[in-house]
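**Student:** Dumping the structure here so I can ask a few things about it.
Here, each number is a calculation from the coordinates, and none is a lab measurement. Quick caveat: nothing in here was measured; it's all calculated off a predicted structure. Every residue, glycine as well, gets a Cβ built from its backbone with ideal geometry; the counts of neighbours run over all protein chains shown.
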Amino acid sequence: MDEKILKMKEEIESKLSNVSDLLELDKLRVGYLGKKGSITSLLKGMKDLAAEQKKAFGADVNKLKEFSAEMIEKKAEELKKLQVEHEIKSMPVFDISAPSKYECGSYHPITLVQRQCETIFKSMGFTVEDYSEVVTDYECFESLNIPKHHPARDMQDTYYLENGQLLKSQTSAAQNAILRKYGPDLIKNGTPIRAIFPGRCFRNEATDACHENTFFQMEGVMVDKDISISNLIYFMKTMLSEVFRKDINVRLRPGFFPFVEPGFELDISCLICGGEGCPSCKHSGWLELCPCGMIHPNVLREGGIDPDEYTGFAFGLGLTRLAMMKYEIKDIRDLNSGSLRSLSQFTDDE
Ligand code: FA5
């Protein structure tokens, strides 16, 4: 091997043994293997050699190049490992059994009732679905038998976006997607559609003790052969008795929603005033909680399901109002207040 090459090899080995960090190592790499590096210069200088020397010299420089690249790579691995070990050693030691110096948070009352309802419906074979908060006019209205300019749209003062989409004003907006998602399994295998979909809803409301502009609902649908109002009443009763674990007065009265026929309003006796009348129930003694009904044939058809063969029910539970009643919160606006002092009073008692 050429003397110059041998010397450079020894020099690289000695320098590498003294390198102690990755930055230094990179400088060394550039110094030898970079465009203007010493090994690269050796190769460039070959043009001045006699033809017979060129071959052997070129082969040796290439060997040196490969050897240096390998050594540098090996050193980089070593240094990275050392760096990680050093970082681990210098990390503070945590005693996971030490008492926290921060106060623990708590679940929001709406989360608590939502989870409770999910558990109840899951135990009855329902799946829990998620749905977006920004939806199309078709999802929120047209697929639900509410064409453009239908007066029923006035019942929900909706926030429209500039692109024509809207903030979901009711969880019913997910009905069509659920029918389309599970309908094929119903038709092919006879598996009933049983789904709930909790979600945040938005309406341009004049807020008061029982109305918010942002509130939660939980929609539920069941579709199969021979589903009737008795099934609907059974599920509503089961859900309420599980949530409240005590007798509460309920009333069912006719209600109009274009996507159900017949439609009902399910009210519960106000638990804040015991039915005597207060601001929480608009002095009526009753609180509208869970409108429901038998899914309209047009909605089933729009979801790809033959209404002559299948029937189903749907309900739209007011989750925020349910939390109000369950935890006897007088004013719905407290639930969106962000006041940790009032919200942290509620714990999962299940
Ligand atoms: C609806 O939203 C229908 N989509 C419900 C439905 C589903 C009917 C399936 C039939 C079949 P409504 O606008 O009444 O209906 O709202 C349903 C429930 O949401 C109300 O009973 C109430 O509990 C709750 N809710 C409605 N508006 C508000 C509000 N501004 N603040 C708090 N809770 C509200």
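**Student:** Considering Cα pairs under 8 angstrom that are at least six residues apart, work out the relative contact order of the chain and quote it in whole percent. Write out the running numbers ahead of the final one.
**Tutor:** Details: 523 pairs, mean separation 55.9, N = 350.
Relative contact order comes out at 16 percent.
**Student:** Considering the dipole of the chain built from charges on the beta carbon (Lys and Arg +1, Asp and Glu -1) around the Cα centre, which of Leu79, Asn249, Val113 is farthest to its positive end?
**Tutor:** Farthest along the dipole direction, towards plus: Leu79.
**Student:** Work out, step by step, the length gained on full extension between Asp224 and Ser20: first 0.36 nm times the residue separation, then minus their alpha carbon distance; give nm to one decimal. Intermediate values should be presented prior to the final figure.
**Tutor:** Numbers: separation 204, 0.36 × 204 = 73.44 nm, distance 7.21 nm.
Result for the pair: 66.2 nm of gain on full extension.
**Student:** In what sequence do Arg251, Arg180, Arg29 fall when counting other Cβ within 10 Å, fewest first?
**Tutor:** Arg251, Arg180, Arg29
**Student:** In addition: Which residue, chosen from Ala69, Ser14, Ser90, occupies the Cα position most advanced towards the positive end of the dipole of region 3-90, where the dipole is computed from +1 (Lys, Arg) and -1 (Asp, Glu) charges on Cβ about the Cα centre?
**Tutor:** Positive-most Cα among the choices belongs to Ala69.
**Student:** Same structure again: With no other cysteine's Cβ closer than 4.7 Å, which Cys residues of the chain count as lacking a disulfide-compatible partner?
**Tutor:** Cys104, Cys117, Cys140, Cys201, Cys210, Cys290, Cys292
**Student:** What nm distance separates the two modelled labels at Val93 and Glu242, each placed 7 Å from Cα along Cα→Cβ?
**Tutor:** 4.9 nm
**Student:** On each of the three principal axes of the Cα atoms of region 197-289, give max minus min coordinate, whole Å, ordered largest first.
**Tutor:** The Cα atoms of region 197-289 stretch 43, 33, 23 Å along their principal axes.
**Student:** Another one. Please sort through the DSSP H helices of the chain and keep those with an alpha-carbon extent of at least 15 Å along the long axis and a Kyte-Doolittle average not below -0.5.
**Tutor:** Helices meeting the criterion: 22-33, 109-123, 229-244.
**Student:** Right, another one. Taking region 3-99, which chymotrypsin sites (Phe, Trp or Tyr not before Pro) meet the DSSP loop condition and have no more than 13 other C-beta atoms within 10 Å?
**Tutor:** Answer in residue order: Phe94.
**Student:** Before rounding to the nearest 500, sum -39500 (n - 2.57) across all DSSP H runs of length at least 4 in the chain and divide by the residue total; then give [θ] at 222 nm in deg cm²/dmol. Kindly include the intermediate steps, with their values, before the conclusion.
**Tutor:** Details: 11 runs with 143 residues, N = 350.
Computed ellipticity for the chain at 222 nm equals -13000 deg cm²/dmol.
**Student:** What is the Cα centroid distance between region 112-130 and region 201-240, reported in whole angstrom?
**Tutor:** 13 Å
**Student:** Pick out, in residue order, every one of the trypsin sites (Lys or Arg not before Pro) in region 94-136 that is DSSP loop and has at most 16 other C-beta atoms within 10 Å; say none if there are none.
**Tutor:** Working: sites: Lys101, Arg115, Lys122; in loops: Lys101.
When the trypsin sites (Lys or Arg not before Pro) of region 94-136 are filtered for loop state and at most 16 Cβ neighbours within 10 Å, Lys101 remain.
**Student:** Which one, Ala314, Gly304, Gly275, is farthest towards the positive end of the dipole of region 275-317 when Lys and Arg carry +1 and Asp and Glu -1 on their Cβ?
**Tutor:** Highest projection toward the positive end goes to Gly275.
**Student:** Add +1 for every Lys or Arg and -1 for every Asp or Glu among the other residues with Cβ under 14 Å from the Cβ of His149, and state the total.
**Tutor:** Once positives and negatives cancel, what remains is -1.
**Student:** Between region 302-316 and region 1-16, how far is it from one alpha carbon centroid to the other, in angstrom?
**Tutor:** That distance is 83 Å.
**Student:** What percent of all Cα-Cα pairs in the chain falls into each 10 Å bin, going from 0 up to the bin containing the maximum distance?
**Tutor:** Computed distribution, short to long bins: 5, 19, 21, 12, 6, 7, 10, 11, 8, 3, 1, 0.
**Student:** Further question on the same structure: Step through the table entries Lys168/Lys225; Lys35/Lys80; Lys148/Lys282; Lys168/Lys326; Lys35/Lys74, compare each Cα-Cα distance with 27 Å, and write down the pairs that go over it.
**Tutor:** Distance filter (> 27 Å) returns Lys168/Lys225; Lys148/Lys282.
**Student:** Something else: Treating only the Cβ atoms of Lys and Arg (+1) and Asp and Glu (-1) as charged, compute the dipole magnitude of region 245-342 about its Cα centre; round to the nearest 20 debye.
**Tutor:** Computed charge dipole of region 245-342: roughly 600 debye.
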